[in-house]
1. Which residues, taken from the range 337-388, are free of Cβ contacts under 8 Å to residues at least 12 places away in the same chain and aromatic (F, W, Y)?
2. Could you grab me the full set of residues in the range 31-55 that are among the polar types (S, T, N, Q) and more than 22 Å from the chain's Cα centre (by Cα)?
3. Going residue by residue through the range 224-247, is there one that turns out to be of a type in the set (D, E), assigned by TED's automatic domain parsing to the domain that holds G173 and touching a Gly at 6+ places or on another chain (Cβ under 9 Å)?
4. Would it be correct to say that V220 is over 22 Å from H317 (Cβ atoms) and in contact with a Gly (Cβ under 8 Å, 6 or more places away or on another chain)?
5. Return only the number of the condition from (1) closer than 29 Å to I160 by Cβ; (2) crowded, with 20+ Cβ neighbours inside 10 Å that A258 does not satisfy.
6. For the condition farther than 19 Å from D151 by Cα, of a type outside the set (S, T, N, Q) and in the same structural domain as E216 (by TED's automatic domain parsing), what is the one hit in Y30, Y62, Y107?
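The values are calculated or read from the model by the stated rules, or taken from the named source; none is laboratory data. Source: prediction; values computed, not measured. All Cβ positions, even for glycine, are placed from backbone atoms using ideal geometry, and neighbour counts span all protein chains on display.
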Amino acid sequence: MLKLFFTLTSILLTFVASAQYNAACNGARYQGTADFANVDTTFAVLFGSGIPNGSTTVQNLYMDIYEPAGDLATERPLIVLAFGGSFIGGTRQDMSSYCQYYARRGYVVATIDYRLYKGALIPLPSSNTMTDVVIKAVGDMKAAIRFFREDIATSNTYKIDPNFIFAGGISAGAIAASHTAYVDSTDNIEAYVRTIIANNGGHVGNSSTNTQYSSEVTGVINFSGALRDATYIDANDPPLFSVHDDDDQTVPYSAGWAKVFGFNIIEMEGSEAMNDTALVKNVQTELITIPASTGHVSYFNATWQDSVLTSSTRFLHDLMCPAITSTELVEGAETITAVAFPNPSFGDMTIQLSDVPSEYDVAVFDATGRLAHQVTNLSDQEINLSRQQFATGMYFVSIQFHDSKVRPIQEKIIFR
């Protein structure tokens, strides 16, 4: 087995820190092993428009949407991904293989257009110009997120769980995703940057008119990105997953200059600084550092790619499925199903198991992660929950079998 050398900083998510739970969690989905052999793709979905810096022509913005083929789940997490290219090059199609990877693991994934710099490259654009370009890209990503939130509120064509919408990207795309998640009007932003933001529609952007919908995200996948200032990350901001080369010569690992063609363009704070700030602010964070590497996104190769992508899915999995730890499940583990009825219930509720291969323990958590009920060493095929023990609301049932070869079960239940 390949020995991986990386530094890993992580705050593990607990029930107390999580008030949301994805209904399709089953102990396997959303993690490193592909659950779906095929992916359905919808190409060139229009979600916004805008004029790029250095151009006078309106650019229509499109996305390609990837979904796990044959998926029966009706509430799936969404990942919105943006390509890299120093904000001067790249296309949404560059992210196709990553969209395929995540979609095969149960996610809906969108790779999006965003406006690039269209002006002259000689001389290279100024820091102020590139700040404007980044802010336009952030507005475009927010428009893409609002596209899905509007769809969720209407037809929900793509069957998205509104509680789990993630922003991510590579290099410039990760910079856009990080600013999408962490910059808001309460941050200490320089006056001239505030002016640029205002000239681009404010913090909601001006790439679409559906600004009544939120562009907030649940987490960030940051592949070699950065923030203009890591202190934009505040307490209660979304969790952050990062990967970065420790001597990156294009986007700084810590604090330094982001470069185009080797020339300094804009000062930024990269994944290490973002991770350190998140730790101080008690924001869940994980950083994988590629050691002794001057490369930029060097890890998407045969040596590192599988471990990096698997780590990202496990990070997201633990956000959505807090009752299931990210420890390895035994290969070929037996899957037992459970049905709760009536659900929702005004009275008592019964949970029926398809089989009982070993004794098991039951824990019921409320929506804030507080343990509401617990029973151990059960062996019956039916579990009875008395209505008198539960206040009105939503709960999450975790069933852990004593036989480690049996996957744990998670069920969402509601008492009226």
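1. Result: F341, single match.
2. From the range 31-55, those among the polar types (S, T, N, Q) are 31, 33, 38, 41-42, 49, 53, 55; that's our starting set.
Across the range 31-55, the qualifying residues are S49, N53, S55.
3. Narrowing the range 224-247 to residues of a type in the set (D, E): 229, 234, 237, 245-247.
Those left that are additionally assigned by TED's automatic domain parsing to the domain that holds G173: 229, 234, 237, 245-247.
Checking which are touching a Gly at 6+ places or on another chain (Cβ under 9 Å) leaves us with 245, 247.
For the range 224-247, residues of a type in the set (D, E), assigned by TED's automatic domain parsing to the domain that holds G173 and touching a Gly at 6+ places or on another chain (Cβ under 9 Å): present.
4. Details: over 22 Å from H317 (Cβ atoms): no; in contact with a Gly (Cβ under 8 Å, 6 or more places away or on another chain): yes.
So V220 does not fit the description; no.
5. The number of the failed condition is (1).
6. Going through Y30, Y62, Y107 in turn, just one is farther than 19 Å from D151 by Cα, of a type outside the set (S, T, N, Q) and in the same structural domain as E216 (by TED's automatic domain parsing): Y30.
Okay, residues lined up against (1) in contact with a strand residue (DSSP E or B) (Cβ under 6 Å, 6 or more places away or on another chain); (2) part of a loop (DSSP other than H, G, I, E, B); (3) surrounded by fewer than 24 Cβ atoms within 10 Å (Cβ to Cβ):
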| position | (1), (2), (3) |
| --- | --- |
| Y213 | no, yes, yes |
| E216 | no, yes, yes |
| V220 | yes, no, no |
| T231 | no, no, yes |
| D234 | no, yes, yes |
| D237 | no, yes, yes |
| F241 | yes, no, no |
| D247 | no, yes, yes |
| T250 | yes, yes, yes |
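Per-residue answers, yes or no, for (1) over 30 Å from F223 (Cβ atoms); (2) of a type outside the set (K, R); (3) modelled with pLDDT of 80 or more:
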| position | (1), (2), (3) |
| --- | --- |
| T310 | no, yes, yes |
| T313 | no, yes, yes |
| T337 | yes, yes, yes |
| F346 | yes, yes, yes |
| L371 | yes, yes, no |
| S379 | yes, yes, yes |
| E382 | yes, yes, yes |
